[in-house]
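The structure appears right after this line, and notes come after that.
Please treat every number below as a calculation from the coordinates, not as lab data. These figures come from a predicted structure and were not determined experimentally. Here Cβ is always computed from backbone atoms with ideal geometry, including for glycine, and neighbour counts include all displayed protein chains.
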Amino acid sequence: MIVDNPFFVLGLSPEASRIEIEREAQKLLGMLELDFADAKAYQTPLGPQPRTPEAVRAAVAALRDPYRRLVAELWARNAPPPRTVPRTETPTTSSRVGLRRSLGWRP
Amino acid sequence: MYVAPYFILFRIHRAALEARRKCRTWHYVLWSVLAGILAGAMIAFGVTLVTAFWLVGLWWLAIPLGALMVLPVVLPPLIRHALVPLGLTRVTYWAARFSRPGADAPAYGACCAAWAFAHAPKPAAEVWLAQQREARIPLGDAEVVVTALMAAGKGDADTCRMLLRSVAMLVEDHPVVRELAGEWLAVDCAERGAWRELHEFSDTHRWPATPLGFFLEGVAARQLNLEGAPSQLELLVRFLFAPHRRATAALYDEAVKVQPAPAPQGDPETPATELDDAPTPLPRAVATHLMFGNGDPTAARLAATVRAWDAALADGTTHSWLARRALELDAPLGAVDRALREVAGAVTEELARAADRGRLGAPPSHGPVGDALARKLRHGRLDALETGFTRWSKRRLDGATRAAIDEWREFIALQAAYADAVNAGGLELRRLAFPHAFSTGSNMAAWLWNTRHEYALSHAISKWLLSEALIVGDTEAIELGHRNCRLDVVTRLGSVPGDVDN
C-alpha cells in the first residue's frame, strides 16, 4: 500500500502525467543498469526502500492501468511526506533488559 | 530436653514466616524482623549447644546436632546465593528439602532444583528433574512451577510466564512454592516495565511475597502513583530487606524520584501530533495507520486507527474526489466502489495481523473497516478455538494418554485462546464459544478426575467452566459446575474442601 506504492517507487508526485511516468521509468532503469548508487533506493513515509528494475517495471505497469493508478493515487496523495532516514524501533524506555538475570532468575 | 528451647524457637520462627505471607502492610516488616531475630537466636543456641557438647567430649554428637540446628536456618540464603547460581540441581534439591520448608518438602526441593537448572541447564539434570516431576501424582502447583522454571532454563520466558500464572487456578497451595513463582513473575514484570500488571497480580492469597517481590510491588505502586503507595522511608526499608541490592538500587532511586503525574488530558495513547493537523479524514487515517504500524499495537491505538479509517471511508470528500479522478483517468465503471473496498480490505488485513500479534480485540467502531475487522477476528479465533477443543476431546476418545503436565499445558493454551476470542468478540462470541468449551471441558474434567485421578487439574477446569457459565447464564452448566466444584479435592497437603468460591 505505502512501501510498494508505484509513485514512491518511481519517485514521482501523484500529479505526474503518463509521459513523465514513462520517461522517469526509462531513466531509472538505465541508472540501475549502470549501477548508479542514487537509483538504488527510494523514499517512502516508512523510510528508504531498495529499488530494483523489477519494482520499476511493476510500478509503470500499475500506473498504465487507470483503476490501479486510482488506488495508487489514493494512497500516495494522502500519505505523509517521505522519510529520508530508516525507521527505528520505538525504544521501550521502561523495560530493563537483563534485570531478571541480575535478580537471580533466568532467562 | 536440651533441644526443647530450640524447637520452640523453630516453631515461632515458622509461625512468623507464615504470618508474614498473609500480609502486605507494615506488618510484613515486623514479621520479617521477628523472623530474623528468631533465626539469629536459633543459630546462637545451636552453636552454644554444639560447643558445649564438643567441650565435654561428645564431638560425635555435636556434629550432627550442629547440622540439624544451624543448617535449616542458613540453607535458604545459601540456596539463593550459592547453590542456585552454581546450577547444582541435585544438591539444591536436597538442600531445599532439608531446609524444612513445611509440609511436602520434596515439592519445594524440586522447585529449587528447577531454579538451579535454569541457571545451568544440562540434559542429565533435565531428565532427572522430569523424572522427579512425573513421579509425583496427582499434579499440583509444584509440578507446574518445576515445568515453568525448566522452560525458563531453555530461554522460553513466555511459556514460563504462562505456566506460573496458571498456578493461581490450582487449589493445592504450597506457600513456599507460590513465593518462588510470585517472585519470578514480579521480577519478570519489573524487567518488562509492566508495573500495572505487577500491581494487579500482587494478591496476598495467591502469591505470598518474598522480600524481593514485596520491594518490587512497592516500586510498582510508586511508579504508578497509586494511592497507598509506600512512602520513601517504607520503600527504603523494603529495599534493605530485599536481596540483590546492587541490582535493585537503580529501581529504588527511580521509584523515589517519581513525582505525582498531572491528570491526563484526553486519551494518552492516541497520538495527537501530526494527526490533528491533517485537514481531511483520509490523510488523517493514513497517518494514524502508519503510526500504529510504527509502534507496539495497543487497544487504544488500534481503536483510534479503526475509527479514523471508518470516518475516512465514509467521508463525502473521499467519495467525490475518487469519482472525479476516476472520470479523469477514464477508469472502468464501478472503480470508485471497488477502490474503496480494496482499501478497506487491505487495511483490515493489516490491522487483523497486528491485532493477532498483540492479542487485541476488535474495537467498537462500525464502518467498513470496523465491522470487517470484528468479523475477521471473531471468525478466525472461533475457528481456531473449535479446532483446539476438538483436538483435545479427540485425544481422550482415541485413548492417547499424556503426562498430566501436558494436559495442563493444553488446557491453559485453550483457555488463553478462548480469552483472546472472547476479547475480540465480546459476549456474543462468548455465547457462541461456550457450548463447545463446556462439552469438551466437562468431559475432560470428568475423565481427569475419574480415570486419571488428577483432582486439582480437574477442579481447575470445572472452576473455569463454572465462571464462564455464570457469565453466559447457562443454567445447566451452572448446575453441573456447582456440583463438580463442591467435591473435595485431594492434594498432597490433604483434602481441600470443595467450594465454588475457592
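Calculated FRET efficiency, B:ALA120 and B:LEU427, Cβ-Cβ r, R0 35 Å, to nearest 0.05? Calculated value: 0.10. Structural descriptor for chain A: relative contact order 33 percent, calculated from alpha carbon pairs under 8 angstrom and at least 6 residues apart. Peptide B:289-299 is shielded by partner chain Cβ atoms: per residue, an average of 3 of them sit within 10 Å of its Cβ. The distance between label points at B:ALA299 and B:ARG196 comes to 0.8 nm (points 7 Å beyond Cα on the Cα→Cβ vector). Neighbouring Cβ atoms from other chains, within 10 Å of the Cβ of residues in B:244-257, number 2 on average. In a fully extended conformation the segment linking B:GLU350 and B:TRP60 would gain 96.9 nm over its present Cα-Cα distance, using 0.36 nm per residue. Put a dot 7 Å past the Cα of A:GLN26, heading toward its Cβ, do the same for B:ILE37, and the two dots end up 9.6 nm apart.
A helix-only calculation puts chain A at -13500 deg cm²/dmol for mean residue ellipticity at 222 nm, using -39500 (n - 2.57) for each DSSP H run of at least four residues, averaged over all residues. Entry note, region B:74-257: relative contact order of 13 percent, from Cα contacts under 8 Å with a spacing of 6+ residues.
The share of alpha-carbon pairs in region A:6-78 lying farther apart than 15 Å comes to 49%. Measuring nothing but how far apart in sequence close Cα pairs (under 8 Å, 6+ apart) lie, relative to its length, chain B scores a relative contact order of 10 percent.
Close amide-amide hydrogen proximity is noted between B:THR491 and B:VAL496, each under 5 Å apart and 5 or more residues distant or on a separate chain (H modeled in the peptide plane; Pro and chain starts excluded).
Hydrodynamic estimate: the Kirkwood radius of chain B over Cα pairs, inserted into Stokes-Einstein at 4 °C and 1.567 mPa s, corresponds to D of 49 µm²/s. With a cut-off of 18 Å on the backbone N, the residues of region B:54-78 near the modelled label site 7 Å out from B:VAL91 along Cα-Cβ are B:67, B:71-78. Distance distribution note for region B:383-499: the fraction of Cα pairs above 22 angstrom is 32%. Under the shape rule built on the C-alpha gyration tensor, where the axes satisfy a ≥ b ≥ c, region B:1-79 is prolate, since a/c reaches at least 1.5 and a/b is greater than b/c.
Its DSSP H runs of at least 4 residues, each contributing -39,500 (n - 2.57), put the calculated 222 nm mean residue ellipticity of chain B at -24000 deg cm²/dmol, to the nearest 500. Here the spin labels are modelled as points 7 Å beyond Cα on the Cα-Cβ line, and at B:ARG324 and B:ALA446 they lie 6.9 nm apart.
Mind checking the angle between helix B:368-398 and chain B's longest principal axis? C-alpha axes, 0 to 90 degrees, to the nearest 10. Tilt of helix B:368-398: around 40 degrees. Between the Cα long axis of helix B:105-119 and the first principal axis of chain B there is an angle of about 60°, rounded to the nearest 10.
Between A:ALA61 and A:SER13, the C-beta separation translates, for a Förster distance of 25 Å, into a calculated FRET efficiency of about 0.85.
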